[in-house]
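J.: Sending over a structure as structure tokens; questions will come in a sec.
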Amino acid sequence: MNDAEYARVFSLAAEALMDRLGLDAEGRARYGYTIYTLEAHLCYRREAHEGQPLAVEVALLNHDAKRLPFTSRRRRARSRSRPARPAAGWPGSPCRRAWR
């Protein structure tokens with residue numbers, strides 16, 4: 001996957017978050033609200049390959065009347081019988097850890 005595909009995976013996760021918050025197309029029309037990305041940072045820790053099942057974990061960090069900061073983490077999808085272990089420092093572990 002190239003950088004654009006990684007960004008697309010996270011964009012799709014943000015859309016799923018909007019749906020869970022009731023801001024799908026119907027909710028956006030009803031409430032007159034939407035979510036847009038003001039800032040994004042991508043950290044590459046492990047390569048993903050075509051056809052590989054992926055999962056994105058989203059953690060809400062805070063919120064106020066205008067902002068909903070969240071962080072996302074892509075991981076390999078696992079079967080239901082084998083749960084993922086939480087990463088150290090998650091959520092909010094900084095990208096610089098990728099080089100340690």
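Coordinate-derived values only; no laboratory data. Quantities reported herein were computed from a predicted structural model and do not represent experimental measurements. Here the Cβ is made from the backbone with ideal geometry for all residues, glycine too, and neighbour counts use every protein chain on show.
J.: With each pseudo-label sitting 7 Å past Cα toward Cβ, what's the GLN52-PHE70 distance in nm, one decimal?
T.: So the two model labels end up 2.4 nm from each other.
J.: What residues from segment 18-57 fall in the zone where the backbone N is under 16 Å from a label point 7 Å along the Cα-to-C-beta line of ALA7?
T.: Output list for this probe position: 36-44.
J.: For segment 1-77, which GluC sites (Glu not before Pro) pass both filters: DSSP loop (anything but H, G, I, E, B) and at most 12 other C-beta atoms within 10 Å?
T.: Details: sites: GLU5, GLU15, GLU26, GLU39, GLU47, GLU50, GLU57; in loops: GLU39, GLU47, GLU50.
Answer in residue order: GLU39, GLU47, GLU50.
J.: In sequence order, what are the phi-derived ³J(HN,Hα) couplings for segment 34-43 according to the Karplus relation 6.51 cos²θ - 1.76 cosθ + 1.60 with θ = phi - 60°, rounded to whole Hz, with x for glycine and proline?
T.: 8, 10, 9, 8, 8, 8, 9, 10, 10, 10
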